[in-house]
1. So what's the angle, to the nearest 10 degrees on a 0 to 90 scale, between helix 188-200 and the longest Cα principal axis of the chain?
2. Suppose R0 equals 45 Å; then what is the FRET efficiency for Q108 and E25 from their Cβ-Cβ distance, rounded to the nearest 0.05?
3. Per residue of region 4-14, in order, report the coupling 6.51 cos²θ - 1.76 cosθ + 1.60 (Karplus, θ = phi - 60°) as ³J(HN,Hα) in whole Hz, putting x for Gly and Pro.
4. Evaluate Rg over Rh across region 146-297, taking Cα atoms for both radii and Kirkwood's formula for Rh.
5. Could you work out the helix-only [θ] at 222 nm for the chain, with each DSSP H run of four or more residues adding -39,500 (n - 2.57) and the total divided by the number of residues, to the nearest 500 deg cm²/dmol?
6. Taking R0 as 30 Å, what's the FRET efficiency between E33 and L72 from their Cβ-Cβ distance, rounded to 0.05?
7. Want the number for T90 to R281: 0.36 nm per residue separation, take away the alpha-carbon distance, what's left?
8. Please name which of L143, T156, Y124 has its Cα lying farthest along the dipole of region 112-167 towards the positive end, using unit charges on Cβ (Lys, Arg +1; Asp, Glu -1) and the Cα centre as origin.
Amino acid sequence: MRILVTGAGGLLAGALRQQAPDGVELVGLGRAEFDLTNPALMEQRLAGLRPEVVINTAAYNAVDQCEVERDLSWAVNAAGPQHLAELCATRGIRLVHFGTDYIFDGSQKTPYTEDDAPNPINHYAAGKLAGERAVLAASAHHLVLRPSWIFGQHPTKPRTYVHAILKQAIAGSVIRATTDQASVPTYAPDLARWVFALIQRGASGLFHAVNDEGLSRFEWTKVIVAEALDAGIIKEPVAVEPVTTAFFNPDIRRSPYNILSNQKLAAFLGEPPGSWRRGLREMLRQPPWHPHTPGPR
């Protein structure tokens, strides 16, 4: 099976390469080779490569900047996926696309299911919601996954929240984290495995694709620091100070509660998605944190 992966330089694309099962040929293309804002280029690439499946990991994920560059973010997150979904549908290609937990406003205090009504409260969320709706409307065979707080090791781009916290912890800085933002950390290799399992089993429609156990960003940060201490990455405990989102003077509104239910995914896979804690421990025992430990294949 030939699968085209867009956004080839990103964290999730890297995890997909690592987790690809036997018999799957992955072709990764970056923005210059497959630009979501260029339908003609996308059509040309699809015609030339003739993939059976496209996994679209490309997106405009600079949430605050989306408020500034509204036209560009909408072109990448909404219009681009729509064009891609329609091109794939015309050619009989299945599309796997990624939404976001940001589409919910946080007024609910129990985990959101796929049937709960979205209510985006910022431009990034509005664009992502429009994109996932367009993908699902284009074909009954397309698949949309909503992950949240994706983390993992990338060979050249250490940009996840875990990396940011570890950098502060290693420097001995006081770390401040919000108590009024809650979601579910999702380990990129786990997400990649679910993607391939869903493809192989013919899944379509909408799934929340997150690990088990939602928590606040403050609680998440404390776990990262504790695991880094246990792994020997830091030598002394580092303080984590609880603050609210207002402390950082944000330019956009952010939902206080974005915890997603993964029950539909678990039922389809026939097993629980598993804890992000295992993934965090695995990540912290890979290079560069432990340079003598072999990294993933």
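1. That helix lies at roughly 30 degrees to the long axis.
2. On the way: r = 41 Å, r/R0 = 0.92.
Working from the Cβ atoms, E equals 0.60.
3. The phi angles translate into 8, 10, 8, x, 4, x, x, 4, 5, 4, x Hz.
4. On the way: Rg = 16.4 Å, Rh = 16.6 Å.
Using Cα coordinates only, the ratio equals 0.99.
5. On the way: 11 runs with 111 residues, N = 297.
Calculated mean residue ellipticity at 222 nm is -11000 deg cm²/dmol.
6. Working: r = 19 Å, r/R0 = 0.62.
Using R0 = 30 Å, I get an efficiency of 0.95.
7. Values: separation 191, 0.36 × 191 = 68.76 nm, distance 4.32 nm.
Taking 0.36 nm per residue and subtracting the Cα distance, the gain is 64.4 nm.
8. Sorting the options by dipole projection puts first T156.
Each reported figure results from applying straightforward, stated rules to the coordinates on display, with no laboratory input. Predicted model only: the values in this text are computed from it and were never measured. Counting neighbours? That spans all protein chains shown, and the Cβs are built from the backbone with ideal geometry, glycine included.
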